[in-house]
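Heads up: the structure comes next, in structure tokens.
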Amino acid sequence: MATAATAFISHADCSRHDMGAQHPECPERLAAIDDALIAGRIADFLAPYDAPRASDEQLLRVHPRPYVEAIQSAAPSHGIVHLDPDTAMSPGTLDAALRAAGAGVLATDLVLGGKHANAFCSVRPPGHHATRTRAMGFCIFNNIAVAAKHAIEHHGLERVAIVDFDVHHGNGTEAIFADDPRVLMVNTFQHPFYPYSGTEDPAPNMVNVPLPAGTGSEGFRKAVAEAWMPALAAFAPQMVFVSAGFDAHVEDDMAMLRLVDADYAWVTEQVKRVAERFARGRIVSMLEGGYALSALGRSVAQHLRVLGGL
């Protein structure tokens, strides 16, 4: 049997992170993805891997040591501790956060090592709101930034692109890479909306497209075609990283964009086209948001169908 095109990286520890009853960023999110991939007969065509824990060295490329140590020391042995009003740690959180960051490192190694064309990391907590020194917006370590820095500093890539289609602006990733000529970041996000950033004088390597509440497929696809694609082509990335948030879906009541399942297949096709043209097809995608469980599962299935060429 031929090697699967797509690596699927996750870990049981990622379901042991619990921010309390009724919190939308819940363990059931990963189960919903697994169920949709089985039901859609996609799981059979993926190569599964357990996510390793990120090392201090890998985290320290993005986060300063005092921050990493503060997170380690905040981890509770019982109960829940809040890092901000939205973001909490349970006894399982530290391992989950280390696995989430480590998944991106493993994915980068697998893809750059030629083992798989691309990889998807089904992990939580998400990462794109985490700044160098602050946990926020359900995020603890900036997983996509850890992965991108690994590609640059360990593997020696000179140009990597980060694509973020989560409904919320990836403020942490932007803050980490602003004015870094090795990174181009393209974003769409609802605005005005949490975290109320991304529109005030972004750095030249940031292509931010704010979308008003109520924007649907047409507006999203126009933004990607007219703003993202020319910038990505001009940059010619050697690898593409995706902050894959699925909370712009019309069924997701955490926000007010109106995307449908097919939009996630379409945007993945656009990203894959860029990767095939410039980056030997190399893509690492990491789960960010998406809180309507059925829509999340279906949308990830669409994303992975395209990544896997299924």
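Just so you know, all these numbers are worked out from the coordinates, no wet-lab data involved. Fair warning: this is a prediction, and the values are worked out from it, not measured in the lab. Every residue, glycine among them, receives a Cβ derived from its backbone with ideal geometry; neighbour counts consider all protein chains shown.
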Quick test of the membrane-span-like rule: which DSSP H helices of the chain reach at least 15 Å along their long axis (C-alpha atoms) with mean Kyte hydropathy at least 1.0?
93-112
From the C-alpha gyration tensor of segment 62-129, square roots of 5λ in Å
27, 13, 10
What lysines does residue 222 reach when the alpha-carbon gap must be under 19 Å and sequence neighbours fewer than 8 apart in one chain are set aside?
272
Please label the shape of segment 190-310 as rounded, prolate or oblate, based on the square roots a ≥ b ≥ c of the eigenvalues of the alpha-carbon gyration tensor (a/c under 1.5 means rounded; beyond that, a/b larger than b/c means prolate, else oblate).
oblate
Could you give the Stokes-Einstein D for segment 132-258 in µm² per second, using the C-alpha Kirkwood radius, 37 °C, 0.692 mPa s?
221
Using the 10 angstrom Cβ neighbour count as an exposure proxy, how do 307, 83, 98 rank, fewest first?
83, 98, 307
Mean Cβ count within 10 Å, highest first, over the residues of peptides 107-120, 136-149
136-149, 107-120
Given the C-alpha centroids of segment 173-223 and segment 74-103, what is the distance between them in whole angstrom?
27
log10 I(q)/I(0) for segment 1-146, Debye formula on C-alpha points only (no solvent), q = 0.11, 0.16, 0.21 Å⁻¹, two decimals, reads -0.41, -0.83, -1.27
Per-residue Cβ contact counts at 10 Å, fewest first, order 191, 129 as 191, 129
Could you give the radius of gyration (one decimal) and Dmax (whole number) of the Cα atoms in the chain, in Å?
17.4, 51
Whole-percent pair-distance distribution, where bins are 5 Å wide, for the alpha carbons of segment 143-185
5, 23, 37, 23, 9, 3, 0
Rounded to 5, the percent of DSSP beta bridges in segment 6-307 classed as antiparallel
10
Yeah, segment 9-70 with a ≥ b ≥ c from its alpha-carbon gyration tensor (a/c under 1.5 is rounded, else prolate when a/b outruns b/c, oblate otherwise) is oblate
Burial ordering of 173, 93, fewest other beta-carbon atoms within 10 Å first
93, 173
